[in-house]
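The values are calculated or read from the model by the stated rules, or taken from the named source; none is laboratory data. None of the values given here were measured: they were computed from a predicted structure. Counting neighbours? That spans all protein chains shown, and the Cβs are built from the backbone with ideal geometry, glycine included. Please note that ligands, DNA and RNA were not included when accessible areas were found on the heavy atoms of the full protein model with its side chains. Shrake-Rupley method; radii C 1.70, N 1.55, O 1.52, S 1.80 Å.
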Amino acid sequence: PAFSPPPDFPTLNRLAISLSSGNNPTFSLQAYFAVTSNTLQFGAKAQLSVTAGSASVSGMMSFDTLIHLKPFGLEVDFAAALTIKVDGQQLLAVTVSGQITGPAPWRITGKASVQFLFISVNVNVNCQLGSATPPAPAPPTRVIELLTAEVGNLANWSALPPSGEMVVTLQPAPASGTELRAHPLGSLTFSQHTVPLGLELQQFGGTDVAGPAKLALTSVKYGSYVSSTSTTSTTGTFTLASVLDAFAPAQFLLMSDSEALSQPSFVDYQSGIAFSPTDPALDQLAVGDVAPVGYAIEVIDSQGTQPTDDTWTLDATAAARLTPTAPAAYAPTRTTGANRYQSAGIQIAVKATKAAGAGVL
């Protein structure tokens, strides 16, 4: 109840349960739990009513807690009441209510009232504990150091194989914990969940930001290739693309409770970068000398392995003739992109002829 929601915020119903099956006695519970960008709220209320003949007893207990995260603050309201009636006339009434706030300073205020027949007693409580000096704020956070640690965390890196038919297969190997196996033709992605990139940070998880407040990945170096990552781009060697992830803006921007409740809880910001080769360097079909290839033929039937024939040699001429139609020549790396138009050494000649009554072609 002490929280001020933004305008036009809907009325929220508490979770309620009735623990009685009839009208006498009745026992019900209500509870709620709420979280905003800067507050934590929870509370409960229990009500009991019993009637026996001309006598009736009714009572309630409740508490409401509101915690502010920055600056830290606690507010607890509590209340309890008990009423006993006979023939509709009040015989005993006891009420207690109070509030605890803090921590700079801690204040306890409350009052209690007891009425018995025609006797009434009231007690008020008001005390203060501790100093009124607010607690020291949390030290600022050097976010750039956190991001540097995330870059060195292997768990934030992932490697994907190339799309389409595989032309290179990596031998399975146990994870070392310090290295990542990447396909030479696949993509490599870095993504972290600590800080949004390219956003001017006004705070970090409730603390001030020490050092640079706007962080970004400025370049990617892959072997001898270096490229800027300021925008998504495609070069002759690599394709660079920003990786997005969901971040809570209220953890990085200063917002009032009203602003935080009226805006999305999570927004997609850049979390990393993905880069993959667009023009890998692949060997072309052999056009020079071909090394002789030797092979032997073994026949295995129901009688077992038969004697092996002599070793046959595939000379360079035969190898050069068979290479353009061998399985390696039809691999995806040789039949996609610009390679699909390469010539197998066949020359197309144009001969000039002169037909009757026509010009020269």
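Restricting the range 1-16 to residues that are more than 27 Å from F204 (Cα to Cα) and touching a strand residue (DSSP E or B) at 6+ places or on another chain (Cβ under 7 Å) leaves a set whose member that is most open to solvent (accessible area, probe 1.4 Å) is L15.
Hey, can you tell me all the residues within the range 123-154 that are farther than 24 Å from G73 by Cα, under 39 Å from the mean Cα position of the chain (by Cα), of a type in the set (V, I, T) and open to solvent by 70 Å² or more (accessible area, probe 1.4 Å)? T148 - this is the single residue of the range 123-154 that is farther than 24 Å from G73 by Cα, under 39 Å from the mean Cα position of the chain (by Cα), of a type in the set (V, I, T) and open to solvent by 70 Å² or more (accessible area, probe 1.4 Å).
Of the residues A159, A246, which single one is modelled with pLDDT of 80 or more, open to solvent by less than 40 Å² (accessible area, probe 1.4 Å) and not in a loop (DSSP other than H, G, I, E, B)? Even if it seems obvious, please write down each step before you answer.
Values: A246 fails: open to solvent by less than 40 Å² (accessible area, probe 1.4 Å).
Of the residues listed, the single one that is modelled with pLDDT of 80 or more, open to solvent by less than 40 Å² (accessible area, probe 1.4 Å) and not in a loop (DSSP other than H, G, I, E, B) is A159.
Suppose we keep only residues that are assigned to a loop (DSSP other than H, G, I, E, B) and open to solvent by 50 Å² or more (accessible area, probe 1.4 Å) within the range 22-37. Which one would you say is modelled with the lowest pLDDT? Give the derivation first.
Within the range 22-37, the first condition is being assigned to a loop (DSSP other than H, G, I, E, B), and the residues that meet it are 22-25, 36-37.
Applying the additional criterion that residues be open to solvent by 50 Å² or more (accessible area, probe 1.4 Å) yields 23-25.
Details: N23: 84, N24: 87, P25: 89.
So the residue we want is N23.
If the condition is being under 41 Å from the mean Cα position of the chain (by Cα) and either open to solvent by 40 Å² or more (accessible area, probe 1.4 Å) or charged (D, E, K, R) (or both), then the range 91-114 contributes Q99, I100, W106, R107. Looking at the range 38-113, the strands (runs of 3 or more DSSP E) lying wholly inside it that each contain 2 or more residues that are under 30 Å from P140 (Cβ atoms), touching a residue at least 12 places away in the same chain (Cβ under 8 Å) and of a type in the set (S, T, N, Q) sit at 39-52.
Among residues of the range 116-145 that are at pLDDT 85 or above, those with a beta-carbon under 8 Å from a residue that is part of a loop (DSSP other than H, G, I, E, B) and hydroxyl-bearing (S, T, Y) at least six positions away or on a different chain give the pairs V143/T194. The single residue among L82, L19, L48 that is of a type in the set (A, V, I, L, M, F, W, C) and surrounded by fewer than 16 Cβ atoms within 10 Å (Cβ to Cβ) turns out to be L19.
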